[in-house]
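If you scroll down you'll find the structure; I have some questions about it.
All of the numbers you see were taken from the coordinates with simple rules; none came from a lab. Remember, it's a predicted structure, so these values are computed and weren't measured experimentally. In this analysis, Cβ positions are derived from the backbone assuming ideal geometry, glycine residues included, and neighbour counts consider all displayed protein chains.
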Amino acid sequence: MSEVKKELLYTGKAKDVYKTDKDDEVIIKFRDDITALDGGRRDTLSKKGAYNALISAKLFEVLEEHGISTQYIKLEEPDEMRTQALEMIPLEVICRNIATGSLLRKYPFHKNQELNPPIIQFDYKNDVYHDPMLNDDIITALEITTQKQLDQIREITYVINKVLSRYLKERNLILVDFKIEFGLDKDGNIVLGDEISPDTTRLWDSKTLDNFDKDIFRKGEEGVVEAYKKVVELVLTDEEIEKWNVDKL
Ligand code: 5GP
């Protein structure tokens, strides 16, 4: 982090948030820590933080180009993102195009069933309660958001899904599902925050359907970082890969 060591505001499972010289901006540092299975599996994988920050930055830029408000300002280092400060909403907004993961464990969908329209689901971001699934009535009764804000979050999520599915398809990746988080800016606008990376999405090779995401780690298999690097190479331009010296991180 640039010259002065900044004050740590918050530390999460895989990212730290630091104060900056500006009240309305923070720096998110993507760490190499990885966890899964409700914290039951954890490891530290060299370069994972940088790969996730590079991928998130790129996907936020793509979304901004399509009119989605994100907290992203710029990458300061390969693993450090300067962002707008947001009051985060404790919702995990999950969007699914293909039935897999917890959906198959909980409901009688067919494996890899196409979901059209996509399914949007809200989980409560709360470790004590183990991220339970919510519905509109629970969300509004708990005053997590208003119904109007929730409707807006749903609409924005559909657009994000469309934009990213197309962008990734052109790069031979299927956007199977993803989890995103939103916050409120100082004017109360809903803004996309957090990250969009292989830690928070399922990405499959269009031809082989191989995973390029955290499912590799969830299954206890090798090659997690190599897969994330592959996503960097598919998602970033050659110029960006050169600029961030991806091969020498
Ligand atoms: P599932 O509910 O099938 O486990 O996950 C659906 C999608 O949301 C996957 O892309 C998964 O990575 C993401 N997701 C769901 N919950 C979490 C979470 O607590 N943390 C992270 N990083 N991703 C999540």
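What FRET efficiency would be calculated for the residue pair D210, Y10, taking the C-beta separation as r and a Förster radius of 35 Å, to the nearest 0.05?
Rounded to the nearest 0.05, the efficiency is 0.50.
Mind listing P(r) for the stretch 97-166? All alpha-carbon pairs, 5 Å bins, whole percents.
Going from the shortest bin to the longest, the percentages are 3, 13, 19, 21, 21, 17, 4, 0.
Kindly flag which residue pairs out of K186/K243; K29/K148; K74/K230; K15/K186; K74/K169 have an alpha-carbon separation exceeding 28 Å in this structure.
Beyond 28 Å between Cα atoms: K186/K243; K29/K148.
Now for a separate question. For the stretch 184-249, max minus min Cα coordinate along each principal axis, in Å, sorted largest first?
Ordered largest first, the stretch 184-249 gives principal extents of 44, 31, 23 Å.
Shifting gears a bit: How much of the calculated P(r) for the chain lies past 35 Å, in percent of all Cα pairs?
10
While we're here: Are there chymotrypsin sites (Phe, Trp or Tyr not before Pro) in the stretch 60-153 that DSSP puts in a loop and that have at most 12 other Cβ atoms within 10 Å, and which ones?
Y129
Once fully extended, how much extra length lies between S69 and M133, figured as 0.36 nm per residue of separation less the alpha-carbon to alpha-carbon distance?
Going from the current span to full extension adds 20.5 nm.
Let me ask something else. Taking the Cβ of I174 as the centre, find all other residues whose Cβ is under 15 Å away and add up their charges (Lys, Arg: +1; Asp, Glu: -1).
Surrounding charge for I174 is +2.
Of G40, G183, G49, which is the most mobile in a GNM of the chain whose springs link Cα atoms less than 10 angstrom apart?
So, out of G40, G183, G49, the one fluctuating most is G40.
Also: What three numbers, in Å, describe the spread of the alpha carbons of the stretch 1-132 along their principal axes, ordered from the longest?
Largest first, the stretch 1-132 extends 54, 37, 27 Å along its Cα principal axes.
Could I have the simple spin-label model distance between Q121 and N245, label points 7 Å from Cα toward Cβ, reported in nm to one decimal?
In this crude spin-label approximation the distance works out to 4.2 nm.
For the chain, modelled as a Gaussian network with Cα springs under 10 Å, which listed residue fluctuates most, K207, K162, K48?
Its mean-square fluctuation being the largest, the pick is K207.
I would also like to ask the following. Pick out which of L168, L134, L75 has the largest mean-square fluctuation in a Gaussian network model of the chain, springs linking Cα atoms closer than 10 Å.
In the Gaussian network model the winner is L134.
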